[in-house]
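Engineer: My structure is below; once you've seen it, I'll send some questions.
The values are calculated or read from the model by the stated rules, or taken from the named source; none is laboratory data. Everything numeric in this text was worked out from a predicted model, so none of it was measured. Heads up, the Cβs are rebuilt from the backbone with ideal geometry, glycines too, and the neighbour counts pull from every protein chain shown. Each accessible area value is taken on the protein alone, full model and side chains, heavy atoms only, with ligands, DNA and RNA left out. Shrake-Rupley method; radii C 1.70, N 1.55, O 1.52, S 1.80 Å.
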Amino acid sequence: MDANADPTAIRVLVFGAALRAGSTNARLASLAADVIAVGGAQVDLARMREFDMPLYDGDLEEAEGLPAGALALAERIGRCDAFVISSPEYNASVPGPLKNAIDWVSRVRPQPFKTKHALLLSSSPSLVGGNRGLWALRVPLEHLGTRVYPDMFSLSRAHESFTEDGRLAQPGAQERLTETITGFMRLVCADVRFVCLRRRWYEFPGDRTDAPVTQRAED
């Protein structure tokens with residue numbers, strides 16, 4: 001991100017969560033980054049290979065501390081207001097390298113996933129896209145306090161779904177991606193720019209509309 005950019009702009013980390021150089025998820029992440037940048041936000045585009053780390057091992061953590069790759073990813077997440085992950089689907093679930101990265105980064109204090117907004121994307125050669133992997137990915141992120149956007153975007157038959165200029169070839173897919181990202185960014189902007197909406201959780205006991213409001217501590 002440009003150090004001279006407007007400090008009031010929204011900052012978004014867009015993360016392609018595949019190791020393979022020719023991954024369609026890297027292409028989808030790049031396309032999402034372009035859509036976000038057009039909307040005026042600052043974009044930090046990253047790939048999994050930038051954050052090398054071993055398999056999580058509690059003994060290794062105790063002996064050597066957190067690996068440099070995990071600390072670098074935590075720092076990039078910490079600098080952003082929101083993040084977007086474009087993740088492949090492995091055997092109907094989360095890819096091992098991505099889950100491992102989440103586990104390592106969750107050990108950083110303060111824990112960087114907490115209260116961040118996240119949008120989940122996926123591309124897959126499957127006819128049904130990568131939806132199953134995205135549903136699995138929601139579980140650890142939401143457990144860590146991430147506010148995962150309800151709508152997700154999954155691109156099926158991804159190996160034949162990109163045009164030469166990097167856009168989506170499937171009818172309506174580009175529009176659907178743009179609409180999903182636009183809705184997500186509106187929510188992020190509201191949280192960042194309007195103090196009355198920032199970092200607040202409320203509980204209403206039962207269905208009573210006149211019940212007293214109690215603030216739930218996020219810690």
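Engineer: Restricting attention to the alpha-carbon atoms of segment 61-103, what are Rg (one decimal) and Dmax (integer), both in Å?
Structural biologist: 12.6, 34
Engineer: If a/c stays under 1.5 just call it rounded; otherwise compare a/b with b/c (prolate if a/b is bigger, oblate if not). Do that for segment 1-124, with a ≥ b ≥ c from the square roots of the Cα gyration tensor eigenvalues.
Structural biologist: Oblate.
Engineer: Excluding Ala46 itself, what net charge comes from residues whose Cβ is under 12 Å from its Cβ, given Lys and Arg +1 and Asp and Glu -1?
Structural biologist: +1
Engineer: Any idea which of Phe83, Gly145, Pro125 is furthest toward the positive side of the dipole for segment 26-157, if Lys and Arg beta-carbons carry +1 and Asp and Glu beta-carbons -1?
Structural biologist: Pro125
Engineer: For segment 186-191, in order, what is each residue's ³J(HN,Hα) by Karplus, 6.51 cos²θ - 1.76 cosθ + 1.60 with θ = phi - 60°, in whole Hz (x at glycine and Pro)?
Structural biologist: Rounded to whole hertz, the list is 4, 5, 4, 4, 4, 5.
Engineer: How much length would be gained if the chain were fully extended between Ser93 and Arg79, taking 0.36 nm per residue of separation minus their Cα-Cα distance, in nm to one decimal?
Structural biologist: 2.2 nm
Engineer: Using a 1.4 angstrom probe on the protein heavy atoms only, could you order Leu55, Leu31 from most to least accessible area?
Structural biologist: Sorted by accessible area, descending: Leu55, Leu31.
Engineer: Along the charge dipole of segment 1-107, pointing to its positive end and built from +1/-1 on Cβ of Lys, Arg, Asp and Glu, which listed residue (Tyr56, Ser23, Ser93) has its Cα farthest out?
Structural biologist: My answer, from the dipole projection, is Ser23.
Engineer: Moving on. Quick one: length gained pulling Cys189 to Arg107 fully straight, 0.36 nm per residue minus the C-alpha distance?
Structural biologist: Roughly 26.7 nm would be gained on extension.
Engineer: Could you derive backbone 3J(HN,Hα) for segment 77-85 from the dihedral phi with the Karplus parameters 6.51, -1.76 and 1.60 (θ = phi - 60°), listing whole Hz in sequence and x where the residue is Gly or Pro?
Structural biologist: Going residue by residue, I get 5, x, 7, 9, 8, 7, 9, 10, 10 Hz, with x marking Gly and Pro.
Engineer: Need the full-extension length gain, Lys114 to Arg20, defined as separation in residues times 0.36 nm minus the C-alpha distance. One decimal, nm.
Structural biologist: 31.0 nm
Engineer: Right, another one. Relative contact order, percent, of segment 3-83 when contacts are C-alpha pairs under 8 Å separated by at least 6 residues?
Structural biologist: Worked out over segment 3-83, it gives 38 percent.
Engineer: Search the structure for amide H atoms under 5 Å from the amide H of Ala118, placed 1.01 Å from N in the peptide plane, and list their residues when 5 or more places away or on another chain.
Structural biologist: Answer set, sorted by chain and number: Phe83, Arg147, Val148, Tyr149.
Engineer: Hey, what did segment 79-193 get for relative contact order, percent, Cα under 8 Å, at least 6 apart? All intermediate terms of the calculation are to be shown ahead of the outcome.
Structural biologist: Values: 166 pairs, mean separation 30.5, N = 115.
Computed value for segment 79-193: 27 percent relative contact order.
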